[in-house]
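K.L.:
A single structure is presented below for examination.
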Amino acid sequence: MSGEICVVAEVVRGELTEQTFVSLAAGRKLAGALGCRLAAVMLGADVAPLAAALGAADRVLAVEHPLLADFNPEAALLAAESAVRAAGARACIFCHTASGMDLACGVAHRLGAPVVACCRDFTAADGQARYVAVTCGGKIIVEGTLPGPVCVVTVMPGVLRAEQGRSDRTPPVERISPPAGMESVRTKFRGWIDPPAGDVDISRQNILVSVGRGIQKKENIALAERLAAALGGVVTGSRPIIDQGWLPPTRLVGKSGKQVRPRLYLAVGISGAPEHMEGVPAAELMIGINTDARAPIFDAAHYGATCDAVQLMPALAAALGK
Amino acid sequence: MSEATSYEFLEKVIAATPDGAYIRKCLQCGTCSGICPYGFAMDYPPRALIAALRADDFHGVLESDTIWLCVSCFACASVCPMKIPLTRGLLATLKAEMLVGGSIPAELQTALSNSRRYGNALGESPRKRADWARDFTVPVPVMAGRKDPVEMLWFVGDYGSYHPRVQLVSKALAKLMHAMGMSFGILGPEENSDGDTQAFAGEWGLFELLARKNIRAMSRYQFREVITGDPHAFNAMKHEYPRLGFDKRVRHYAQVFAERIDILRPLLKNPLPLRVTYHDPCYLGRANDNGVYEEPRLLLRAIPGVELVEMDHNRVMSICCGGGGGGMWLDGFTWEKAHARTTEWRVREAVECGAQVLAVACPYETPRFEDAVKSTGNEGRLIVRDIAELLAESAFGREDVQ
Amino acid sequence: MNIVVPIKFVPDPVEDLQIDPSSGLLDRSFLRLIPSELDEHALEQALILKERHGGTVTVVACDTGDVDETLFTALARGADRAVKITGDDFQQGIGSRRMAAIIHAAISGEPCDLVLTGTQALDDMDGFVGALLAERMGVPYIGYVTKVEIAGNKAAVRKEYPGGLNAEIETALPAVLGIQAAEKPPRYVVTAKVMEAMKSRRIDEKPGEDPGEPFTFPDLRMALPEPARRAEMLDGSPAQVAQKIVALLRERGLVG
């Protein structure tokens with residue numbers, strides 16, 4: 001057993017996802033805690049072009065097969081299992097995402113290993129690796145010693161900075177033969193369906209600039225749009241904004257609209273009434289801007305300011321250098 | 001979709017109320033459709049609905065979803081020359097049929113599912129129903145914590161318990177009742193939604209479930225009567241709870257306070273020099289001929305400095321706030337269909353009659369009218385207050401009721 | 001076509017969750033248990049498929065608490081059969097791994113072409129029931145499914161990725177699908193129909209074949225996050241507040 005930490009890289013539409021690098025960052029921490037080496041597992045039809053980006057790992061274990069060109073859960077499970085076995089992994093990290101979650105349990109079961117899901121950090125204590133995970137919608141923190149001798153974990157999106165999983169190094173690539181049985185998988189990848197042209201799904205956005213009555217005029221939506229563009233996010237609104245036709249219904253956050261769980265929720269001129277706050281059950285960072293210091297938004301937000309929204313938006317865009 | 005025929009549905013309508021058979025006498029005069037606040041946006045306002053049934057086109061009716069615009073305001077029933085029980089008999093029965101067929105706007109479904117699971121439409125934890133009263137400046141006893149009888153069982157309601165704006169009204173009421181020397185208690189976590197609005201949204205099974213829970217909880221305690229600031233609770237307990245075994249008197253606080261005006265008036269020390277207009281809640285006045293119109297006005301006139309002015313549509317002609325019949329949980333749907341809000345008409349009427357204060361007496365109304373004050377651009381020109389809040393301000397001063 | 005829908009009961013986040021200081025784990029005496037939201041979507045999708053193709057829908061749940069009302073509601077919605085698997089210590093909570101084993105044992109030997117279950121549940125700590133069940137059944141698993149079309153013995157599904165991207169994947173039945181969303185939101189069933197189901201329908205009870213908790217998680221401790229407090233207010237002119245906000249964003253890696 002080499003006692004390696006394996007991170008299974010995630011490729012969507014021919015590109016390594018940001019979450020892969022978050023998982024590599026987590027892998028680095030776990031490898032450090034256990035004094036192990038870190039391997040990245042890459043599955044694909046031709047991995048060479050992408051493997052070079054995985055320098056945060058000490059090596060890349062690649063399984064190449066035409067059936068792995070796009071994510072085929074059944075084929076990927078077979079391939080991931082063979083790679084992880086070949087590595088003699090101590091722990092195997094999957095992204096807690098659509099593709100990672102299809103594989104984690106299958107690999108764990110075949111290795112006879114437990115799964116620790118929803119991890120957000122790893123640390124070392126007394127020569128052991130410890131994990132920190134979340135459950136119950138983030139309302140409970142779970143900590144423990146990483147089970148042995150082998151363990152599978154999933155790492156939550158965005159819990160570590162992707163930069164910590166990137167490196168300029170080019171890692172050595174070791175190819176592992178595709179396992180027997182690939183030809184008899186019953187699952188076929190049929191194709192990608194592009195997101196519909198037209199409006200965004202705000203519940204899938206990480207950064208939201210949300211406007212309420214406090215922006216006063218329809219013209220001020222443009223300020224919000226500029227700020228959102230500067231932040232790499234989109235503009236959403238509370239019901240009165242949508243009712244007045246200042247934003248389309250697809251942008252409604254609230255009881256009658258969508259529920260969002262963004263990384264950043266900038267609530268601009270929103271009072272924070274229950275009907276709206278129902279639409280934001282969780283946000284990693286919520287900042288409320290409202291001239292009324294007693295507005296209920298400040299009970300939900302992490303930070304707040306009572307300055308005028310109409311002045312704050314362009315000031316913030318300027319401070320971001322845009 | 002429901003598979004009932006026009007005839008089968010008509011039979012259900014007739015069976016729904018004691019005077020249900022009056023529907024056969026419909027003159028097709030159209031007064032009902034004319035007075036309906038959202039009739040203009042309905043595919044089948046009441047007159048057209050009856051015509052469709054007579055033409056055996058129930059299927060066409062089922063294909064429309066505009067019945068959900070009906071806010072069960074009883075305007076149609078109150079003007080019908082043949083006294084057809086339109087609101088309870090026809091419209092609520094159609095909603096029930098739509099629900100059976102699985103046709104329900106998503107917003108409403110959430111409110112009904114919440115009512116089933118949590119006993120309140122807002123989806124809040126039932127354990128926290130009395131949190132608003134904890135450590136309040138006057139004691140608000142929860143019945144489960146005391147063995148001795150009280151004079152009044154105060155039914156607070158969903159919004160009075162959980163909605164931050166309406167909790168202020170609950171606090172005002174608590175202070176007033178305490179100052180008037182009334183002995184009262186609340187059910188707290190044992191209280192469920194009164195079920196009235198869920199009933200008029202078509203969910204009569206849910207209503208019965210909630211009502212039975214409330215009746216069972218109340219049966220554990222000794223009290224003389226029920227007092228409430230919620231016209232929907234008042235209406236349900238007065239008209240529907242008795243057949244489920246409820247045998248106590250229920251009154252709106254306006255009735256009780258008016259009866260005790262001689263105790264209340266001396267407490268109203270601070271003058272409020274304001275021009276106030278009073279909005280008659282549908283379920284306190286017009287619905288089921290509940291007829292409580294004058295007591296709220298009596299209370300307002302008792303406040304020194306208050307000048308009471310009337311809107312054009314007052315008493316039995318009051319314009320609904322749009323919260324009944326499920327409307328409280330259908331604002332997105334209603335706006336999409338009608339592009340109009342009854343609350344905005346009402347607020348404009350209040351401003352036009354020269355009022356500075358729009359006084360209300362129902363928990364739906366404070367948040368709904370305050371929204372409309374903002375959306376009609378009348379912030380700073382009109383404020384919305386429950387009568388209890390005005391009485392409390394006169395009695396205790398403009399202090400933070402938090 | 002015979003569809004099985006396992007339903008997992010999870011703590012309702014509407015209630016305050018508390019930690020039992022003696023065990024360091026979730027205090028289950030205060031919990032309200034509700035059916036996992038995505039399992040309700042799975043049931044809805046199963047009912048839609050039954051309406052389209054015929055067959056039966058069986059819901060299965062481990063008796064971890066008050067499950068009867070949910071099972072009767074499922075029958076009122078249109079499920080053909082409801083199975084409650086009983087076990088002595090189920091009320092203390094069962095992890096996903098153990099649940100998958102128990103359900104697998106309960107449905108083995110019954111005709112099953114398709115298993116639909118939520119792609120995850122909010123209290124999943126040791127894995128996801130659907131994926132684990134597929135492993136035991138030796139059938140393919142696809143998660144994050146938002147659309148299912150059956151043709152013959154093939155299932156064509158839509159798998160959802162972030163940002164509105166979807167993939168079309170096909171597999172052969174029998175298979176397990178992890179549902180992220182049904183084609184339509186779970187249907188409402190009026191209270192009167194649920195009451196009627198409680199009177200006229202039956203829940204089948206089956207004792208569980210339970211392998212027990214397969215793994216140990218050393219030093220497992222739960223805790224509540226820091227208590228929420230009011231927002232930390234940022235003072236100053238709009239320009240000054242803007243600078244402070246940018247610093248906060250940089251700190252969290254939300255901007256470069």
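No lab work stands behind these numbers, since they all come straight from the coordinates. On a predicted model such as this, the values are computed, not experimentally measured, just so you know. Note that each Cβ is placed from the backbone with ideal geometry, even for glycine, and that neighbours are counted across all protein chains shown.
K.L.:
Among A:S177, A:A9, A:L252, whose Cα projects farthest towards the positive end of the dipole of chain A, with charges put on the beta-carbon of Lys, Arg (+1) and Asp, Glu (-1)?
P.N.:
A:L252
K.L.:
Over what distance in Å are the Cα centres of the range B:1-63 and the range A:212-285 separated?
P.N.:
41
K.L.:
Kirkwood hydrodynamic radius for the range C:83-242: how many Å is it when counted over pairs of different Cα atoms? Present the calculation step by step, with values, prior to reporting the outcome.
P.N.:
Numbers: mean 1/r = 0.0511 Å⁻¹.
Every distinct Cα pair counted, the radius reaches 19.6 Å.
K.L.:
Give the long-range amide H neighbours of C:D124: residues separated by 5 or more places, or on another chain, with amide H under 5 Å away, using H modelled in the peptide plane at 1.01 Å from N.
P.N.:
A:C136
K.L.:
Could you state the principal axis extents of the C-alpha atoms in the range A:75-212, from the largest down, to the nearest angstrom?
P.N.:
55, 47, 35
K.L.:
Ok, one more. Measure nothing fancy, just the Cα-based angle from helix A:309-319's long axis to the longest principal axis of chain A, in degrees from 0 to 90, nearest 10.
P.N.:
Around 40 degrees separate the two axes.
K.L.:
If Rh is defined by the Kirkwood formula over all Cα pairs and Rg also comes from Cα, what ratio Rg/Rh do you get for chain B?
P.N.:
Numbers: Rg = 20.8 Å, Rh = 21.6 Å.
So for chain B, dividing Rg by the Kirkwood Rh gives 0.96.
K.L.:
In whole Å and largest first, what semi-axes does the C-alpha gyration tensor of the protein assembly as shown yield when each eigenvalue is scaled by 5 and square-rooted?
P.N.:
Numbers: eigenvalues 554, 221, 146 Å².
Semi-axis lengths for the protein assembly as shown are 53, 33, 27 Å.
K.L.:
Any chance you could give the angle, 0 to 90 degrees and rounded to 10, that helix A:18-34 forms with the longest Cα principal axis of chain A?
P.N.:
60
K.L.:
So, in nm, how far is label A:R294 from label B:A55 when the simple model puts each one 7 Å beyond its Cα toward the Cβ?
P.N.:
Spacing of the two 7 Å Cα→Cβ label points: 5.6 nm.
K.L.:
A follow-up question, please. Provide Rg over Rh for the range A:1-153; use the alpha carbon set for both Rg and the Kirkwood Rh (inverse mean inverse pair distance).
P.N.:
Over the Cα atoms of the range A:1-153, Rg/Rh equals 0.94.
K.L.:
Quote the Stokes-Einstein diffusion coefficient, in whole µm² s⁻¹, for the range A:237-322, based on the Kirkwood radius over alpha carbon pairs, a temperature of 10 °C and a viscosity of 1.306 mPa s.
P.N.:
120
K.L.:
Using the Kirkwood radius over Cα pairs, work out the Stokes-Einstein diffusion coefficient for the range C:75-131 at 20 °C and 1.002 mPa s, in µm²/s as a whole number.
P.N.:
So the translational diffusion coefficient is about 165 µm²/s.
K.L.:
Please give the peptides B:59-67, B:336-344, B:86-94, C:209-217 ranked by average Cβ packing (other Cβ atoms within 10 Å per residue), highest first, as a rough proxy for protection. Display every interim value, and only then the final one.
P.N.:
Working: B:59-67: 16.4, B:336-344: 18.1, B:86-94: 25.7, C:209-217: 13.7.
The packing order, highest mean first, is B:86-94, B:336-344, B:59-67, C:209-217.
K.L.:
To continue, here is another question. Take the Cα gyration tensor of the range B:304-402, multiply each eigenvalue by 5, square-root it, and list the three semi-axes largest first, rounded to whole angstrom.
P.N.:
For the range B:304-402, the semi-axes come out at 24, 16, 13 Å.
K.L.:
Let me have the 222 nm mean residue ellipticity of chain A computed from DSSP H runs of 4+ only, each contributing -39500 (n - 2.57), with the sum over all residues rounded to the nearest 500.
P.N.:
Helix-only estimate at 222 nm: -7500 deg cm²/dmol.
K.L.:
Based on a Kirkwood Rh over C-alpha pairs, give the Stokes-Einstein translational diffusion coefficient of the range A:145-297 at 4 °C and viscosity 1.567 mPa s in µm²/s.
P.N.:
Answer, rounded: 69 µm²/s.
K.L.:
Mind giving me the nanometre distance, one decimal, between the label points for B:D289 and B:R260, set 7 Å out from Cα along Cα→Cβ?
P.N.:
Going from the B:D289 label point to the B:R260 one covers 3.0 nm.
K.L.:
Also: Dipole of chain B, Cα-centred, from +1 at each Lys and Arg C-beta and -1 at each Asp and Glu C-beta, to the nearest 20 debye?
P.N.:
Charge dipole of chain B: 940 debye, to the nearest 20.
K.L.:
While we're on this one: According to a simple spin-label model (label point 7 Å from Cα along Cα-to-Cβ), what is the distance in nm between C:T216 and A:R166?
P.N.:
Result: 4.4 nm between the two label points.
K.L.:
Then there is this: Across the Cα atoms of the range B:256-358, what radius of gyration and what greatest pairwise Cα-Cα distance (Dmax) are found, in Å?
P.N.:
15.7, 49
K.L.:
May I pose another question? Given N residues in the range C:1-94, what is Rg(Cα) / (2.2 N^0.38 Å)? Write out the running numbers ahead of the final one.
P.N.:
On the way: Rg = 15.1 Å, N = 94, 2.2 N^0.38 = 12.4 Å.
Rg over 2.2 N^0.38 Å, computed on Cα atoms: 1.22.
K.L.:
Quick one: dipole size for the protein assembly as shown, taken about the Cα centre, charges +1 on Lys/Arg Cβ and -1 on Asp/Glu Cβ, in debye to the nearest 20.
P.N.:
It works out to roughly 1060 debye.
K.L.:
Normalised by the empirical 2.2 N^0.38 Å for globular proteins, what value does the Cα Rg of the range A:1-88 take?
P.N.:
It is 1.02.
K.L.:
Do any GluC sites (Glu not before Pro) in the range A:250-322 lie in a DSSP loop with no more than 16 other beta carbon atoms within 10 Å, and if so, which?
P.N.:
Sparse-neighbourhood loop GluC sites (Glu not before Pro): A:E284.
K.L.:
From the P(r) of the range B:58-115, can you give the percent of Cα pairs sitting at distances over 17 Å?
P.N.:
Percentage above 17 Å: 44.
K.L.:
I've got another one for you. Sketch the reach of a paramagnetic label on A:R261 as a point 7 Å from Cα along Cα-to-Cβ, and name the residues of the range A:279-306 whose backbone nitrogen lies under 13 Å away.
P.N.:
A:280-284
K.L.:
For peptide A:235-247, how many partner chain Cβ atoms fall within 10 Å of a residue's Cβ, on average? All intermediate terms of the calculation are to be shown ahead of the outcome.
P.N.:
On the way: counts 0, 0, 0, 0, 5, 4, 0, 3, 8, 2, 1, 0, 0.
That works out to 2 on average.
K.L.:
Restricting the calculation to Cα positions, tell me the Rg (one decimal) and the Dmax (whole number) of the range C:27-165 in Å.
P.N.:
When restricted to Cα atoms, the range C:27-165 yields Rg and Dmax of 15.1, 47 Å.
K.L.:
Here is a follow-up. Going by a ≥ b ≥ c, the root eigenvalues of the Cα gyration tensor, does chain A fall in the rounded group (a/c under 1.5), the prolate group (a/b larger than b/c) or the oblate group?
P.N.:
prolate
K.L.:
Starting with the highest mean, order A:292-304, A:172-184 by the number of other Cβ atoms within 10 Å, averaged over the residues of each peptide. Display every interim value, and only then the final one.
P.N.:
Working: A:292-304: 19.4, A:172-184: 13.5.
Most protected by this proxy first, the peptides run A:292-304, A:172-184.
K.L.:
Return the average number of partner chain Cβ atoms within 10 angstrom of each residue Cβ along peptide B:96-108.
P.N.:
If you average over the peptide's residues, the count of other-chain Cβ atoms is 3.
K.L.:
Another question, then. Looking at the range B:153-220, what % of the alpha carbon pairs are farther apart than 19 Å?
P.N.:
For the range B:153-220, the fraction of Cα-Cα distances above 19 Å is 42 percent.
K.L.:
Need one value for B:201-214: mean number of C-beta atoms belonging to other chains within 10 Å of its residues' C-beta atoms. Don't skip to the end; give the middle numbers.
P.N.:
On the way: counts 0, 1, 4, 3, 7, 5, 1, 3, 4, 1, 0, 0, 0, 0.
Taking all residues of B:201-214 together, the mean is 2.
K.L.:
Take the Cα coordinates of the range B:17-128, assign each an equal point scatterer, and use the Debye formula without solvent to give log10 I(q)/I(0) at q = 0.16, 0.19 Å⁻¹.
P.N.:
Ignoring solvent entirely, the Cα scatterers give -0.76, -0.98.
K.L.:
Right, another one. Per the Cauchy relation, a quarter of the hull surface: what is the mean projected area of the convex hull of the alpha carbons in the range A:45-107, in nm²?
P.N.:
Hull-based average projected area comes out at 4.4 nm².
K.L.:
Here's a follow-up. Could you give each residue of the range B:334-351 its phi-based ³J(HN,Hα) in whole Hz, using Karplus coefficients 6.51, -1.76, 1.60 with θ = phi - 60°, and x for Gly or Pro?
P.N.:
4, 5, 4, 7, 9, 6, 7, 10, 4, 4, 6, 4, 5, 4, 5, 4, 5, 5
K.L.:
Further, regarding this structure: Classify the range C:129-189 as rounded, prolate or oblate, taking a ≥ b ≥ c as the square roots of the eigenvalues of its Cα gyration tensor: rounded when a/c is under 1.5, otherwise prolate if a/b is larger than b/c and oblate if not.
P.N.:
Details: a/c = 1.43, a/b = 1.32, b/c = 1.08.
Rounded, because the longest to shortest axis ratio a/c is under 1.5.
K.L.:
Just list whichever of C:K159/C:K184; B:K128/B:K175; B:K171/B:K238; B:K128/C:K8; B:K337/C:K193 have alpha carbons separated by over 18 Å in the model shown.
P.N.:
Violating the 18 Å limit, Cα to Cα: B:K128/B:K175; B:K171/B:K238; B:K128/C:K8; B:K337/C:K193.
K.L.:
If you don't mind, there's one more thing I want to ask. Can you tell me the orientation of helix B:204-218 relative to chain B, as the angle in degrees between its alpha-carbon axis and the longest Cα principal axis, to the nearest 10?
P.N.:
Approximately 30 degrees, to the nearest 10.
K.L.:
Listed highest first by mean packing, meaning other Cβ atoms within 10 Å per residue, what order do A:237-245, B:166-174 come in?
P.N.:
B:166-174, A:237-245
K.L.:
Also: How long are the three semi-axes of the equivalent ellipsoid of the range B:91-227, in whole Å, if each is the root of 5 times an eigenvalue of the C-alpha gyration tensor, listed from largest down?
P.N.:
Semi-axes from the Cα gyration tensor: 30, 16, 12 Å.
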